[in-house]
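Step one of this worksheet: look at the structure below.
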Amino acid sequence: MKYKLIIDKEGEEEVVVRSHAPSALTQRIEDLVRSHSGEDCLVGYRDGEMRKLYFDKIECITVIERRVTAVDREGEHYHLRDSLRDLETRLPSYFIRINMSALANERHIFRFVPAFGGGVDAVFSCGFREYVSRRCFSRIRRRYEEK
């Protein structure tokens, strides 16, 4: 593995990592870069309150009653003002798409359980359950098998 640091006071700051595959190291680098740039949380709203929701405390982001909602580690629901599409580009790589209307923090998926009709549900640490589409589940399975 090579390491290169270039200090250029006039150039734009960027971090480039070239790796053969995602690993624990690449994930730690991504987390460090995101927290350094200030992008380590979202703003959630509930009962007239506004609260910072740190990425590592969010278990799932899903659409409930036509509103984008984040579920935290305690199972509390917070409404978000961003679209799922925008969030998918901003969130770290450990947030994975599990169906067309949900992103999951794969670090907080407790287990996958069979659901009615041959489907699969993701069960999170807080007890929240969300349906996993067949297409997404096959991608998740491949991702787990690579690790």
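Computed from the coordinates by the stated procedures, all read-outs in this text should not be read as laboratory data. Here the structure is a predicted model, which means the values were calculated and not measured. Glycine also receives a Cβ, built like all others from the backbone with ideal geometry; neighbour counts cover every protein chain displayed.
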- Where labels lie 7 Å past Cα in the beta-carbon direction, separation of R139 and D47 in nm: 3.6
- Message: Using 0.36 nm times the number of residues separating R85 and R18, minus their current alpha carbon distance, what extension gain do you get?
- Response: 21.6 nm
- Cα centroid distance between the stretch 113-137 and the stretch 61-90, in Å? 17
- Using the beta-carbon distance between Y3 and R111 and R0 = 41 Å, what value does 1/(1 + (r/R0)^6) give for FRET efficiency, to the nearest 0.05? 0.60
- Could you tell me, in Å, what Rg and Dmax come out for the Cα atoms of the chain? 17.1, 59
- Query: Expressed as an acute angle from 0 to 90° and rounded to the nearest 10, what is the orientation of the C-alpha long axis of helix 134-146 relative to the principal long axis of the chain?
  - Reply: 50
- Query: Which whole-number percent gives the relative contact order of the chain, counting Cα pairs below 8 Å spaced six or more residues apart?
  - Reply: 15
- Sort V123, V68, V132 so that the residue with the fewest other Cβ atoms within 10 Å of its own Cβ comes first and the one with the most comes last. V123, V68, V132
- Message: How big is the dipole moment of the chain about its Cα centre under a simple scheme where the beta carbon of each Lys and Arg is +1, that of each Asp and Glu is -1, and everything else is neutral? Debye, nearest 20, please.
- Response: 660
- Message: Could you check the spin-label model distance between L25 and Y54? Points 7 Å from the Cα along Cα→Cβ, value in nm.
- Response: 2.6
